[in-house]
Structures are given as structure tokens and as C-alpha cells.
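Q: First the structure, which I've put down as C-alpha cells, then a few questions once you've had a look.
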Amino acid sequence: MISELVRRAAGLYTGGARALLGIAGPPGAGKTTLAEELVAALAAAPPPGHDAGWVAYVPMDGFHLADVELDRLGLRGRKGAPETFDVYGYANLLRRLRSDRDEMIYAPGFERVLEQPIAGVIGVPRAARLIVTEGNYLLLSSPPWQRVRELLDEVWYTDLEQEERLRRLIERHVRFGKTPEAAEAWASGTDELNAVLIAASRDRADLIV
């Protein structure tokens with residue numbers, strides 16, 4: 001399965017202009033795992049004339065609003081919902097990547113232990129011809145999120161059986177500091193509300209994984 005996905009992703013770049021692949025899906029469905037495996041496999045088999053740096057991984061998570069801003073907006077309890085991201089900043093980054101004019105573009109990352117975005121930790125050199133990005137809301141059609149989909153060549157949707165997805169999600173929350181009780185409450189509360197919204201955009205995907 002992964003070999004087929006690698007071939008499809010590699011085929012998005014046909015020479016010259018950059019290609020952008022998005023991976024969407026609900027929390028805990030495996031977006032990050034898929035993106036990282038894809039990037040590793042693509043880097044190991046670059047097209048002729050390129051090296052491992054021909055592919056870059058730029059997740060959306062770096063565009064989480066910081067807790068101090070969420071507190072100001074009264075959105076701390078909704079962290080992870082669409083309105084708790086800097087979607088304009090993310091879309092602008094994708095636009096810069098697509099325009100392919102800068103020798104180096106720096107993107108923010110997200111520190112899971114701190115649960116905070118960190119500026120300038122992901123460098124994307126001009127040599128990167130295929131960009132893999134992933135995030136929950138890449139397929140939303142409501143403003144202003146619809147501009148994200150317009151900037152991506154393809155978007156794949158990661159699907160997973162509900163019980164297993166929740167199990168993995170709770171495990172992840174515990175691993176990064178929540179108590180089991182708090183992890184379960186967050187996964188079945190805030191995360192689940194987001195998952196329902198994300199699932200409604202599933203039909204807009206180019207591929208279901």
C-alpha cells in the first residue's frame with residue numbers, strides 16, 4: 001500500500017514547478033504517521049537530477065494560535081478547532097511555497113510537550129520540489145479555509161475505524177501529559193466535535209487512505 005502511495009505522490013511532481021500534497025483527516029487517524037513515512041520513502045528515491053532534499057514536510061500544526069492568544073479570545077477550551085488556527089498565515093505559507101521565488105522559506109512547527117507553536121523551525125530550501133503538508137482542515141469548504149484546498153494539487157483523507165482512532169488519540173494525549181481521565185474527556189469532547197466537522201469534508205478528497 002505505501003509503495004502505491006509513494007508512486008502517486010512522486011507523480012505529482014512533473015518537473016519544474018513545485019507540487020503540494022495535503023493529507024487531511026480527523027485527530028488520531030494517522031495523518032502524521034502517513035506523512036512522515038511518505039517523506040522518508042520519497043527522500044530515499046529522488047527523481048533523476050535531485051537528491052533527498054527534493055521533498056519537504058511542512059505540517060499545519062505550527063499555525064496553532066499560542067495559548068496566550070487563545071486565552072485572550074476565550075478559545076482555550078476549543079484548542080484544535082478551526083478557529084484556533086492562523087489559517088491566513090498557513091494559506092500564505094502555501095502560497096509562498098507554490099510561488100517558488102525564495103531561496104529559503106521558514107515555517108513554524110509545534111512542540112507537543114509544550115503544546116505551543118514555535119517559529120522558524122522548519123526550513124524549506126529552493127531545491128524542495130514536492131511539499132507534503134498535513135492537517136485536520138485542509139478540505140473544509142467554508143471561508144477562509146477554502147483557500148487552503150485551492151493551493152494544493154491533491155488532498156488525501158486518512159480514515160480509521162472509530163474505536164481504534166479514539167484509542168490512539170487518548171494514548172497520545174496521555175503520552176504528552178494529560179491524565180487518562182482528562183485525555184478521554186478531551187478526545188470524546190473537543191476532539192470529537194472537530195472530527196465530525198472534518199468527516200463532513202471527506203468527499204472532497206482526491207484519495208481515501
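Q: Sort through ARG167, ARG72 and tell me the only one that's more than 30 Å from ALA52 (Cα to Cα), in a helix (DSSP H, G or I) and at pLDDT below 95.
A: ARG167
Q: For region 137-151, what are the residues that are over 11 Å from ALA205 (Cα atoms) and either without any contact (Cβ under 8 Å) to a residue 60 or more places away in the chain or not aromatic (Phe, Trp, Tyr) (or both)? Break it down into steps so the answer makes sense when it comes.
A: Within region 137-151, the first condition is being over 11 Å from ALA205 (Cα atoms), and the residues that meet it are 137, 141-148, 150-151.
The answer is SER141, SER142, PRO143, PRO144, GLN146, ARG147, VAL148, GLU150, LEU151.
Q: Could you please find all residues in region 93-118 being within 16 Å of HIS64 (Cβ to Cβ) and without any contact (Cβ under 8 Å) to a residue 40 or more places away in the chain?
A: LEU93, GLU111, LEU114
Q: Ok, one more. Could we say that PHE63 is touching a Gly at 6+ places or on another chain (Cβ under 6 Å) and either more than 23 Å from LEU197 (Cα to Cα) or touching a residue at least 40 places away in the same chain (Cβ under 8 Å) (or both) here?
A: Answer is yes for this residue.
Q: Quickly run through region 82-129 and pick out the residues that are among the hydroxyl-bearing types (Ser, Thr, Tyr) and more than 21 Å from ARG149 (Cβ to Cβ).
A: Passing the criteria: only TYR106.
Q: Can you tell me which residue in region 122-136 is nearest to ASP203 (Cα to Cα), limited to those that are among the aliphatic types (A, V, I, L, M), over 13 Å from the mean Cα position of the chain (by Cα) and assigned to a strand (DSSP E or B)? Walk me through it before giving the result.
A: Keep residues of region 122-136 that are among the aliphatic types (A, V, I, L, M), which gives 122, 124, 127-128, 130-132.
Now restrict to residues that are over 13 Å from the mean Cα position of the chain (by Cα): 122, 124, 127-128, 130.
Add one more test, that the residue is assigned to a strand (DSSP E or B), and what stays is 122, 124, 130.
Numbers: ILE122: 31, VAL124: 31, LEU130: 24 Å.
Top of the filtered list is LEU130.
The values are calculated or read from the model by the stated rules, or taken from the named source; none is laboratory data. Just so we're clear, the structure is a prediction, and the values are computed from it rather than from any experiment. Glycine gets a Cβ as well: all are built from the backbone with ideal geometry, and neighbour counts include every protein chain shown.
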